[in-house]
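Data block below; observations after.
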Amino acid sequence: MNEPQILRTAAELAAWRTARNGPIHFVPTMGNLHQGHLSLVDAASAEGAAVIVSIFVNPTQFGPGEDFARYPRTVEADLERLAGRCSAVWLPAIDDLYPLGPDAGFRVRVPEALGDILCGAHRPGHFDGVANVVLRLFQHVRPDRALFGEKDYQQLTILRRLAEDFAVGVQIDAAPTVREADGLAMSSRNRYLSEAERRVAPALYRTLTDLASQAADAGEHGDPPSTGTLRALARSGMERLAGHGFEPEYVEFRDAGTLGPPNAEPLRLLAAARLGAARLIDNVVVSRHSRR
């Protein structure tokens with residue numbers, strides 16, 4: 001694959017888009033790329049499609065006191081990592097995506113049942129910001145397919161519903177979470193961990209996989225585990241994480257398709273916890289037939 005074309009304006013993107021004849025696959029990112037992002041780009045290259053990656057740190061998904069100002073911006077290093085991996089990289093300005101301004105433009109609202117639970121309960125308005133920027137990116141890029149990682153499972157679920165509700169004509173596909181050798185999910189925010197915290201951090205994934213295994217074995221006569229069993233396991237997960245030095249925000253079993261109550265398989269076990277300056281999230285599938 002040739003070096004990617006660097007697109008710095010909406011007009012350049014439109015010209016690039018008009019010149020395409022075949023399918024376009026899209027990977028939206030906020031930059032500071034790691035192997036997890038690159039795995040999405042590589043997966044998007046299937047079927048001979050033109051692959052475009054966007055790099056944009058979206059201000060509307062950061063709440064008061066969050067890390068928008070210090071979020072790592074590593075564009076030159078990101079472009080080096082993308083060399084030979086995609087057809088184009090779009091570097092939009094804020095005015096490209098928010099011509100009326102981030103605070104004055106039109107906005108969509110994620111339904112409470114999806115956006116105000118789990119991470120949304122701890123980051124009010126976060127998923128509204130995600131939904132709005134992704135919808136705007138889709139309007140500009142007009143891809144046939146977009147890829148997102150399973151690490152951000154609540155985000156993935158919301159964006160699938162967004163694409164369906166607005167009939168945007170974009171197929172939303174997921175790629176498995178990419179992990180370090182010790183199980184820690186790759187994330188741009190892992191760089192906030194101190195050396196000592198980095199040694200502790202894999203306990204999040206170990207705790208989830210252990211709880212998921214217990215839940216998968218807890219059902220009787222082929223039925224899913226009871227609500228009471230799942231609640232007890234989730235409480236024990238919170239206690240275990242706290243014992244490792246985390247400040248857990250939630251550990252919850254949810255319906256894997258809707259993020260509603262865990263009444264049918266497959267289930268998903270999701271968690272978020274703070275460790276020092278880093279907020280870590282992770283999730284695993286819970287099923288007697290498919291464990292991860």
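Counting Lys and Arg as +1 and Asp and Glu as -1 over every other residue whose Cβ lies under 13 Å from the Cβ of Phe68, the net charge comes to +2. If you add up the charges near Asp182, with Lys and Arg at +1 and Asp and Glu at -1, over every other residue whose beta carbon is less than 11 angstrom from its beta carbon, what do you get? Taking every Cβ under 11 Å from that of Asp182, the sum is +3. Ordering Gly228, Gly243, Thr258 by Cα displacement along the dipole of segment 188-286 toward the positive end leaves Gly243 in first place; charges were set at the Cβ atoms of Lys, Arg (+1) and Asp, Glu (-1). Across segment 247-256, computed HN-Hα scalar couplings (Karplus, 6.51 cos²θ - 1.76 cosθ + 1.60, θ = phi - 60°) run 10, x, 8, 7, 9, 9, 8, 9, 4, 5 Hz from first to last residue, x flagging Gly and Pro. For Gln171, the residues 5 or more places off, or on other chains, whose built amide H falls under 5 Å of its own are Arg145, Ala146. About the centre of its Cα atoms, segment 1-79 shows a dipole size close to 200 debye [charges on the beta carbon of Lys, Arg (+1) and Asp, Glu (-1) only; nearest 20 debye].
Proximity of backbone amide H atoms, modeled 1.01 Å from N, is registered between Asp282 and Ala271 at under 5 Å, excluding neighbours fewer than 5 places apart on the same chain.
Based on the reciprocal of the average 1/r between different C-alpha atoms, the Kirkwood radius for segment 188-286 equals 13.8 Å.
For the chain, the relative contact order is 17 percent, taking Cα pairs closer than 8 Å that sit 6 or more residues apart in sequence and dividing their mean separation by the residue count.
Sequentially through segment 100-115, phi angles give Karplus couplings (6.51, -1.76, 1.60; θ = phi - 60°) of 8, x, x, 9, 9, x, 5, 9, 9, 10, 6, x, 4, 5, 10, x Hz, Gly and Pro residues having no value and appearing as x.
When the helix-only estimate is applied to the chain (DSSP H runs of n ≥ 4, each -39,500 (n - 2.57), divided by the residue count), what is the mean residue ellipticity at 222 nm, nearest 500 deg cm²/dmol? The helix contribution divided over the chain gives -10500 deg cm²/dmol.
The order of the peptides 18-27, 53-62, 97-106, 250-259 by mean Cβ neighbours within 10 Å, most packed first, is 53-62, 250-259, 18-27, 97-106.
The amide H of Val89, built 1.01 Å from its N in the peptide plane, has Gln5, Ile6, Leu7, Val53 as neighbours under 5 Å, considering only residues 5 or more places off or on other chains. Take the Cβ-Cβ distance between Ala77 and Arg235 as r, set R0 to 41 Å, and report the resulting FRET efficiency rounded to the nearest 0.05. It comes out at approximately 0.45. Charging the Cβ of each Asp and Glu at -1 and of each Lys and Arg at +1, and nothing else, the dipole of segment 188-286 about its Cα centre rounds to 500 debye.
Bear in mind that the values in this text are calculations on the coordinates, not laboratory data. What you see is a predicted model, and the numbers here were worked out from it, not measured in a lab. When we count neighbours, we look across all protein chains shown, and the Cβ atoms used for this are built from the backbone with ideal geometry, even at glycine.
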